[in-house]
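Trainee: So that we are looking at the same thing, I have put the structure below in structure tokens.
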Amino acid sequence: AKYTWVDKDTCIACGACGATAPDIFDYDDEGLAEVIYQSDANRGVTEIEEGLYDDLQDACDGCPTDSIKIADEPFNKEG
Ligand code: F3S
């Protein structure tokens, strides 16, 4: 299983991830990215479906600040 979470402390609102993986990432009012997949609310607790793994990895690889985190276990962040 894969889970993802955006570290907003390091995101610079470059806008790449939402373009690469729009089913997983969107932006808040400040343009910072967050995981919106299945109402995850950037908690990193929602298992990403396998069909989106390529998009997820591409977004992670494309983030200039390495703010997109991916793990095999839920992150359990607060948002
Ligand atoms: Fe932020 Fe990286 Fe996305 S800088 S907007 S998390 S590509």
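The values are calculated or read from the model by the stated rules, or taken from the named source; none is laboratory data. Given the structure is predicted, the values throughout are model-derived calculations rather than measurements. All Cβ positions, even for glycine, are placed from backbone atoms using ideal geometry, and neighbour counts span all protein chains on display. We work out accessible area using only protein heavy atoms, side chains counted, and drop any ligands, DNA or RNA first. Shrake-Rupley method; radii C 1.70, N 1.55, O 1.52, S 1.80 Å.
Trainee: Largest first, what is the accessible-area ranking of Glu34, Glu50 with a 1.4 Å probe? Display every interim value, and only then the final one.
Mentor: Numbers: Glu34 45, Glu50 145 Å².
In descending accessible area the options line up as Glu50, Glu34.
Trainee: Still on this structure: Counting only protein heavy atoms and using a 1.4 Å probe, what share of the accessible area of the chain belongs to carbon plus sulfur, as a whole percent? Walk me through the intermediate numbers first.
Mentor: Numbers: 1790 of 4450 Å².
After summing per-atom areas, the C and S share lands at 40 percent.
Trainee: Run the dipole for the range 39-79 about the Cα centre, Lys and Arg Cβ at +1, Asp and Glu Cβ at -1, nothing else charged, and hand back the magnitude in debye, nearest 20.
Mentor: Values: 3 positive and 12 negative charges, 62 e Å.
The dipole magnitude comes to about 300 debye.
Trainee: Before rounding to the nearest 500, sum -39500 (n - 2.57) across all DSSP H runs of length at least 4 in the chain and divide by the residue total; then give [θ] at 222 nm in deg cm²/dmol.
Mentor: Estimated from H runs of four or more residues: -5000 deg cm²/dmol.
Trainee: Once you charge only the Cβ atoms, +1 for Lys and Arg and -1 for Asp and Glu, what is the size of the charge dipole of the chain about its Cα centre, to the nearest 20 debye?
Mentor: About 160 debye.
Trainee: Calculate, axis by axis, the spread of Cα positions in the chain along the three principal axes, and write the results as whole Å, longest axis first.
Mentor: Principal axes ranked by extent give 28, 25, 18 Å for the Cα atoms.
Trainee: Also: Taking amide H positions as placed in the peptide plane 1.01 Å from N, state which residues far from Phe75 in sequence (5 or more) or on other chains have amide H under 5 Å from it.
Mentor: Val45
Trainee: If you don't mind, another one. Once Lys and Arg get +1 and Asp and Glu get -1 on their Cβ, which of Ile36, Thr20, Thr65 lies farthest toward the positive end of the dipole of the chain?
Mentor: Thr65
Trainee: What is the distance, in nm, between label points placed 7 Å from the Cα along the Cα-to-Cβ direction at Lys2 and at Asp23?
Mentor: Going from the Lys2 label point to the Asp23 one covers 1.2 nm.
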